[in-house]
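Worksheet: the structure to be examined is printed underneath.
The values are calculated or read from the model by the stated rules, or taken from the named source; none is laboratory data. Just so you know, these numbers come straight off a predicted model, no measurement behind them. Here the Cβ positions follow ideal geometry from the backbone for every residue, glycine too, while neighbour counts run over all protein chains shown. SASA here: full protein model, heavy atoms, side chains in, ligands and nucleic acids out. Shrake-Rupley method; radii C 1.70, N 1.55, O 1.52, S 1.80 Å.
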Amino acid sequence: MKKITISALLAASFISSNAMADDKINPWKHCGIGAIIFDDNGTAAAISNIIWDLGTTAVSSKISSADTCEGKNVVAAKFIQDNFDRVLEETSQGQGEHLTAMLEMLEVNTANQPQVITAIRTKMANQLANGQPTAQSYYSSVMASI
Amino acid sequence: MLKLTVPTNSNLQQLSQHPTWLRLLHIETGLFTRQGRLSQNDFYLSTQGALDPKQELTATIHQFTQAPKTQCRFPARKLWLTTQLKQLKLPEVTCPNYSDYQQAFKANSVSLVYASGYLGNPASMFGHLLLKLNQNHNTKLLDNTFSYGAIVPASDNKLEYIFNGITGGYQGRFSNQKYHHHQLAYNETELRDMWEYQLNFSPMQIKFLLAHLWELENHSLTYYFFRENCAYQLAKLIELVSNVNLMVDFKPWVMPFDVIKKLTHSSNEHLLGKIIYHPSRQEQLYEKYIQLTASEKRDVTQIINGDKQIIESLIDRDATSSKRIIDTLYDYFAFLEQKNKSLTDNQTSTRHKLLNHRFKLPSGKPDWLSNRPKAPHTAQPSSKVSISQIYNTEYGSANLINFRAGYYDFLTANSARVPWSELIAFDVSLLIHDHNVSLREFIFFSINNLNVTKTGLPEDKAYAWSLSSGYGAKNLACLNCAEFFVSGNVGQSWTLTPGSVFNLSLANKIQFSDLSSFQLSTGPEIEAVLLLTPWWAMSVKTGRAFNISASEDSSNYLIWEQSFSTNENWDIRTAIQYDKAFEYSFSVAKYW
């Protein structure tokens, strides 16, 4: 028996102002990832909304648009931000459901996924050896690997 | 020019009373009225549509023919009407938005997902239900879901939230998210298990379901926490599509568990497909830890205790063993981060080293045996009525009639519920003695969580706690001596075998008959819960209550209760209690 926050319902109006090509968008800079202004809340809301629980947008808003902050790259970036620990763990393991989901979001075909994962794994191993990677640096590694 | 064939008046009258039409209009029959539940007028095409299904049917056919674009707003009505009225020829119309929606939400099958109860949040204690539309992805995480919940203004405080939630002060609506949001919220953050019940819907049934969800977009219904909640609305959706009844008879409230229980009833066997378990991150930790060798467990414990040398020495182990240790620790730190809201610097550093080491190992996960506990529908039904014969050493024989609205206690069969916990709401006991009926006890709510550790790992433990409130007899020696009470315990639990738990706690209680005076008592309490066989369970609780307010002496108390059950719908209980008088009881209980 869940409750939906009205703020999440209103959030969609904040994010649609940036109309630019998906591949030119820096999701963290242009779409406010990490600042809880995206349309379907994840980690941040899940953690903070102990009482109020999940909220979301209207039914048709999930139909992806290529030139806004709802494009596939931004959706994947949000997913990485929300699930960063899990995604990093699965990258270290070389497989996992979150990795598959991320690559599916980015429309990497199934046959190419193993080699993309290997490339991401190599990049992240280097990042990890040299410091603490972030969701944003992980996203950059992913985009450089596909 | 299109030839329109209009059904006869008698056809319309008959059709307008069809259960599916009434469900499409969300028309509910109450004690005295029958009315549509949608709050917005534009959901009904006739001004009287919420009250008169025939007028709404006539208006729908009229609009579908005279304003064909209306068909795009009500595709489920159109689907149903065209199957019921073969002679009805509607003007053709293209609906690009609806076509996009159909494409985006296409599904091969549908599942009803049950998120287990969560004692950390009053609104989540009874679990949650959502619909999952299973697509052909390589991962379930990208499946679409639909949930129903109340729209709560962020400015509302907790009291407003509770009051409005119970009394219909909020509107509720369906919303959709990708499944990975639920996986994150329930499995990872709130550490709740999820159970997926696949429904054997045909492609046409799935199409009809999605069409009706489209009709509900931007429409809301009045939300009532105890009835017209997530469980009720999802059950109504399934009923619309499958024509089964998912409401429990003689139960005016609806809980997610009840819908699951009804769904899995033998009469609905045709509807039920596979049942899939999605364990919480905490359960994933337990599953892995139990499969480690003694030496791997030792290394896990030492690494948790901050021995970073052990991480370096993992290189001496074979790769599979190293992976088993690290993957278990991934789950441990993920669990700890949720439990404590963050990791310490030391823990973060340890996790960083583990990641570093794991990247040096070959790709691939070790093989783990998957453990599937009993699914939630195998638990005992949630409501209870019982009759007891008692003998009290102060006033002799009597009868006790008990009614419990929900949910479960230590001695019921509690599959997929919070382990070693009990959650009781609206429990009333009436005492019949010498042809007089008196209220022996009313428990408004009682929550007891023994919080037992499964691994013994550092920080895989929490305080046992309980909280209850109600109105009940001061002790067993008196009749008509009930007072209000609030009580709470804090303590520690241990388990010696998988079927036994022992608890030592500090028990505190406030009792008062009016606001001018109260009694405060506190004292140690020992409790044991033993699940001896699948059909025999017992609990023993004893303690001493020191009366701080000093108006009465301190006293000892004892409750020893046993339950014998061979059928999930019935049990027999015996109890011996002492609180200033001894009382012996024998009861028979029916669960539904």
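Ignoring aspartates and glutamates fewer than eight residues from B:LYS474 along the same chain, the ones with Cα atoms less than 16 angstrom from its Cα are B:GLU394, B:GLU441, B:GLU483, B:ASP514, B:GLU552, B:ASP553, B:ASP579, B:GLU583.
Using the Cα gyration tensor of the protein assembly as shown, with a ≥ b ≥ c the square roots of its eigenvalues, what is the shape: rounded (a/c below 1.5), prolate (a/b larger than b/c) or oblate (neither)? In terms of gyration-tensor shape, oblate. For peptide B:156-164, the mean count of partner chain Cβ atoms within 10 Å of a residue's Cβ comes to 1.
Kirkwood radius, region B:292-360, all distinct C-alpha pairs, inverse of mean reciprocal distance: 12.0 Å.
Amide hydrogen proximity for B:GLY406: with H placed 1.01 Å from N in the peptide plane, the residues at 5 or more positions away or on another chain lying under 5 Å are B:ALA425. Size descriptor for region B:454-555, Kirkwood hydrodynamic radius: 15.6 Å (Cα pairs only, one decimal).
Take each residue in B:327-337, count the other chain C-beta atoms within 10 Å of its C-beta, and the mean is 2. For the protein assembly as shown, the Cβ-based charge dipole about the Cα centre amounts to some 1560 debye (Lys, Arg positive; Asp, Glu negative; other atoms uncharged).
Cross-linked pairs B:LYS132/B:LYS261; A:LYS72/B:LYS207; B:LYS288/B:LYS353; A:LYS29/B:LYS365; A:LYS29/A:LYS123; B:LYS132/B:LYS590: Cα-Cα separations exceed 29 Å for A:LYS29/B:LYS365; B:LYS132/B:LYS590. Accessible surface area normalised per residue over the protein assembly as shown is 43 Å², counting heavy atoms of protein chains with a 1.4 Å rolling probe. Residues of region B:204-224 with an amide N closer than 19 Å to a point placed 7 Å from the Cα of B:ASN41 along the Cα-to-Cβ direction: B:218-222. Spread over its residues, the convex hull of the C-alpha atoms of region B:179-222 is 130 Å³ per residue. Using a 1.4 Å probe over protein heavy atoms, the accessible area lost on pairing A with B, summed over both chains, comes to approximately 5500 Å².
Note on A:GLN132 and B:HIS219: their simple-model spin labels are 5.0 nm apart, each label 7 Å out from Cα toward Cβ. Compactness ratio for region B:9-94: Cα radius of gyration over 2.2 N^0.38 Å (N = residue count) comes to 1.05.
Estimate the FRET efficiency between B:THR344 and B:THR8 by the formula 1/(1 + (r/R0)^6), using the beta-carbon distance for r and 56 Å for R0, to the nearest 0.05. So, using R0 = 56 Å, E works out to roughly 0.15. Computed from the C-beta positions of B:ASN245 and B:ALA154, the FRET efficiency with R₀ = 60 Å rounds to 0.95. Mean sequence separation of contacting Cα pairs (under 8 Å, at least six apart), scaled by the length of region A:83-145, corresponds to a relative contact order of 30 percent.
Summarising the label geometry, the points placed 7 Å from Cα in the beta-carbon direction at B:VAL385 and B:PHE564 lie 2.4 nm from one another.
Work out the length of the dipole vector of chain B about its Cα centre, built from +1 on the beta-carbon of each Lys and Arg and -1 on the beta-carbon of each Asp and Glu, and round it to the nearest 20 debye.
Approximately 1960 debye in magnitude.
At the residue level, B:TRP465 shows approximately 80 square angstrom of accessible surface with a 1.4 angstrom probe and all protein chains present.
Inter-chain neighbour count for B:131-144: the average number of beta-carbon atoms from partner chains within 10 Å of each residue's beta-carbon is 3.
Per-residue extension of 0.36 nm, minus the Cα-Cα distance of B:ASN399 and B:GLN48, leaves a gain of 121.1 nm for this segment. Name the residue from B:GLN71, B:THR83, B:LEU51 whose Cα lies farthest towards the positive end of the charge dipole of region B:1-160, charges +1 on Cβ of Lys and Arg and -1 on Cβ of Asp and Glu. Positive-most Cα among the choices belongs to B:THR83. Cα centroid separation, region B:491-545 to region A:90-134: 50 Å.
Our note on the geometry: Cα centres of region B:317-395 and region B:40-68, 53 Å apart.
Can you tell me how region B:188-261 classifies by the Cα gyration tensor, rounded, prolate or oblate, using a/c under 1.5 as the rounded cut? Verdict is rounded for region B:188-261. With an a/c value under 1.5 for the gyration tensor axes a ≥ b ≥ c computed over the alpha-carbon atoms, region B:104-278 is described as rounded.
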